[in-house]
Amino acid sequence: MMKRILIMLALFFSVASAHSIEKMAKWNFSDGNNKELGGRYTGPGIAYLDLIKCSIKINLLSNEYIIYTYQRSGGLMLIHALGKKPKDYTMNLGLGCYAGKDLDDIKRNFTLPDGRYGLSESFRKWGEDNTAKIAVKLFDGANWKGVGNVEYLYTTDFPGRYTEFCIFSATTKTPQALCNGDAWNFPFKPQRKSDTYQYTYDIFKRITFIDHDQLPPDSPAIPPKPVDPSPADQANSVQSE
């Protein structure tokens with residue numbers, strides 16, 4: 001029994017040590033009196049996120065921040081400030097968490113009959129064979145495989161609004177994915193159509209999937225435990241009959 005406890009303590013301290021050497025993103029609570037409401041991660045640094053069914057860590061740049069609400073943030077909304085005119089102009093990247101049946105459903109769109117990642121035949125809504133060949137982007141990350149439908153990078157003036165991407169975890173115990181699942185809503189027209197893909201991929205490369213038990217125990221991603229009322233408070237809360 002004692003040996004088992006020592007092993008568990010060793011694992012705990014090794015995880016804590018690994019987190020301690022990471023440069024963490026700055027965290028600010030939205031309301032110091034109601035910390036369960038969550039807050040904001042501001043880069044530069046690592047942010048750990050519990051996205052209800054998914055868990056990730058992401059390396060934020062100095063011009064990026066994430067609004068995070070406990071047990072309500074079922075996806076990632078990353079705000080990437082450009083610092084150009086007009087003032088406070090930003091590019092936003094939104095990704096939803098997919099797990100369980102939702103993951104099975106969306107994976108059908110990004111899987112070929114032989115099981116490899118790609119775009120399923122039912123997902124190809126165009127007829128030109130040469131268009132279909134350039135519509136698929138395959139890319140790898142820290143511990144995931146990514147696939148995207150980027151046909152509109154080559155056929156529309158605002159490609160950022162119509163590209164579709166998914167990144168699928170390759171190592172976590174619980175299968176999970178992050179996808180936009182619908183048209184992007186980037187409020188910009190890239191100078192070059194390839195810029196849209198590069199912009200999203202540069203962010204994806206900084207995402208790592210983790211299991212829920214890999215979240216740092218002292219991370220803001222873990223909601224604070226309710227504070228038990230003091231004996232005086234309990235006495236005051238009893239109403240006389």
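Please give the peptides 97-108, 23-34, 51-62 ranked by average Cβ packing (other Cβ atoms within 10 Å per residue), highest first, as a rough proxy for protection. Walk me through the numbers before you get to the answer.
Working: 97-108: 15.3, 23-34: 12.9, 51-62: 19.9.
Packing proxy ranking, top to bottom: 51-62, 97-108, 23-34.
Close amide H contacts of residue 180 (hydrogens built in the peptide plane, cut-off under 5 Å, sequence separation of 5 or more or a different chain): 96, 165. Proximity of backbone amide H atoms, modeled 1.01 Å from N, is registered between residue 120 and 110, 111 at under 5 Å, excluding neighbours fewer than 5 places apart on the same chain. Working from label points 7 Å from Cα in the Cα-to-Cβ sense, the residue 121 to residue 138 distance is 1.9 nm.
Pairs 53/145; 107/205; 107/137; 23/53: which exceed 23 Å Cα-Cα? With Cα atoms farther than 23 Å apart: 23/53.
Can you give the FRET efficiency for residue 198 and residue 53, using 1/(1 + (r/R0)^6), R0 = 45 Å, r = Cβ-Cβ distance, to the nearest 0.05? Write down the numbers at each step before the final one.
Numbers: r = 29 Å, r/R0 = 0.64.
Here the calculated transfer efficiency is 0.95.
Distances between placed amide hydrogens fall under 5 Å for residue 210 paired with 55, 56, 57, all partners being 5 or more residues away or on another chain.
Rounded to the nearest 0.05, what FRET efficiency do residue 92 and residue 211 have when you use their Cβ-Cβ distance and R0 = 25 Å?
Numbers: r = 27 Å, r/R0 = 1.09.
Once rounded, the FRET efficiency stands at 0.35.
Compared with the alpha-carbon gap, the fully stretched path from residue 34 to residue 61 is longer by 7.0 nm at 0.36 nm per residue.
The numbers here are math on the coordinates, done by the rules we state, and not lab data. Just so you know, these numbers come straight off a predicted model, no measurement behind them. When we count neighbours, we look across all protein chains shown, and the Cβ atoms used for this are built from the backbone with ideal geometry, even at glycine.
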